1. Return a whole-number percent for the relative contact order of the chain, with Cα pairs under 8 Å and 6 or more residues apart as the contact set.
2. What shape does the stretch 97-231 have by the C-alpha gyration tensor, where a ≥ b ≥ c are the square roots of the eigenvalues, rounded means a/c under 1.5, and otherwise prolate means a/b greater than b/c and oblate the rest?
3. Under 8 Å for C-alpha pairs, at least 6 residues apart: give me the relative contact order for the stretch 151-263, rounded to a whole percent.
4. What number, rounded to the nearest 500 deg cm²/dmol, is the helix-based mean residue ellipticity at 222 nm of the chain, given -39500 (n - 2.57) per DSSP H run of at least four residues and division by all its residues?
5. Relative to a virtual label point 7 Å from the Cα of residue 241 in the Cα→beta-carbon direction, which members of the stretch 182-203 show backbone nitrogen distances below 17 Å?
6. For the stretch 63-188, please report how many Lys pairs fall under 22 Å Cα to Cα, leaving out neighbours fewer than 8 apart on the same chain.
7. Cα centroids of the stretch 281-308 and the stretch 197-246: how far apart, whole angstrom?
8. Give the percent of DSSP beta bridges with both residues in the chain that are antiparallel, rounded to the nearest 5.
Amino acid sequence: MVRLLKRFVCCESPTDSKPAVDNFGRVVAAEWRRRGAKVECLRRKDAGNHLRITWPANSARRPGTSARDGQILVLGHMDTVYETGTIKKMPFRVSRGRAFGPGAFDMKGGLVIALFAVDTLAREDWLPRRRIVFLWTSDEETGSKSSREAIENEARRSAAVLVLEPAGGPEGQLKTRRKATGTAEIVITGRAAHAGLDPGAGVNAVHELALQATQLMRLNNPRRGITVNPTIAQGGTRSNVIPAEAHLTVDLRAETLADMRRIERRLKALRPALPGARVAVEGGFSRPPLERRASAALFAHARKLADQLGFFVGECLAGGGSDGNFTAALGVPTLDGLGAVGHSAHSADEQVIVAALPERAALLAALLATL
Ligand SMILES: [Zn+2]
């Protein structure tokens with residue numbers, strides 16, 4: 001598993017480089033073809049291509065089951081947040097039971113786990129009850145704009161969705177809840193004037209921005225899992241000019257669909273505080289929450305399987321979103337965090353706990369065999 005992880009990590013695949021992601025896609029596709037899977041390339045012009053993999057290729061079913069039972073969808077992404085060349089500063093290495101490298105944890109480890117899970121099933125001559133579709137996308141790290149439709153289409157045909165995003169914490173918790181996430185852009189318009197000669201003729205957009213930021217902070221409710229945080233503030237042009245424009249970027253998170261809708265309504269209702277100022281709100285939530293009712297049954301099943309395999313698996317809430325948010329919002333049972341165990345995603349210290357890789361492959365194989 002480490003050898004394959006090394007090959008995957010050394011083949012860099014930043015989201016914004018189509019040639020790089022496509023090249024990595026070819027490496028991944030070859031691994032699946034070698035295992036007799038059917039690999040379709042979903043071509044995209046403005047993003048990397050996605051891979052839709054059916055295994056086993058002929059989709060033979062166990063006797064007594066029908067196509068109406070639905071397929072199992074396994075989600076993963078091939079892109080990373082690291083620009084090409086990062087591998088030189090952050091080379092793949094294994095030290096004290098940890099494998100380091102750009103994207104090793106998020107989530108090339110998950111892609112390796114999937115291959116070893118099907119190897120296990122093949123070796124045991126297991127015929128899955130349902131068709132299994134692996135959808136490996138190219139743009140998860142930037143919001144899945146070019147893959148969302150394909151993800152949702154596959155999910156609608158699925159009885160369950162398993163997401164190979166990294167596990168939570170070094171204990172390898174499964175992610176049974178994920179917050180809704182999004183970004184709002186507040187565009188504030190005032191009126192320019194000379195700050196010394198005629199300040200009263202102006203409407204200070206930076207002042208309005210400050211008032212809006214204060215207002216937005218009141219929407220926070222950590223107990224309910226709601227966070228609303230102004231993260232980027234821009235405004236003004238010259239030190240002696242009353243600023244006519246300002247711009248505020250706001251990070252939005254909520255644990256439930258009801259709270260997400262509530263925050264959306266509050267954003268829509270924002271009004272300027274200063275006479276003569278204008279406030280426009282763009283953007284908003286881009287991923288709905290993954291609520292526990294979408295994951296509870298799958299999690300209980302996974303925990304039982306882990307128990308039979310001889311290890312414990314817990315659950316956690318993730319503050320960030322994944323493609324599992326989309327499938328859960330469609331009402332399709334979704335379990336996330338089935339990928340590698342480790343920590344420090346998106347940082348120079350990103351690492352995978354090597355000893356947990358076979359455990360996770362065994363858990364995924366058991367899920368695919370029994371769902
Ligand atoms: Zn990820």
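1. After rounding, I find 23 percent.
2. Prolate shape, in that a/c is at least 1.5 and a/b is the bigger ratio.
3. Rounded, it is 31 percent for the stretch 151-263.
4. -10000 deg cm²/dmol
5. Within reach of a label on residue 241, which here means backbone N under 17 Å from a point 7 Å along Cα→Cβ, the stretch 182-203 contributes 188-203.
6. The result is 5.
7. Cα centroid of the stretch 281-308 versus Cα centroid of the stretch 197-246: 36 Å apart.
8. Around 75 percent of the beta bridges assigned by DSSP in the chain are antiparallel ones.
The values are calculated or read from the model by the stated rules, or taken from the named source; none is laboratory data. Just so it is clear, the structure is predicted and the values come from calculations on it, not from any experiment. Note: ideal-geometry Cβ built from the backbone for every residue, glycine included; neighbour counts use all protein chains shown. The area values use the complete protein model at the heavy-atom level, side chains included, leaving out ligands, DNA and RNA. Shrake-Rupley method; radii C 1.70, N 1.55, O 1.52, S 1.80 Å.
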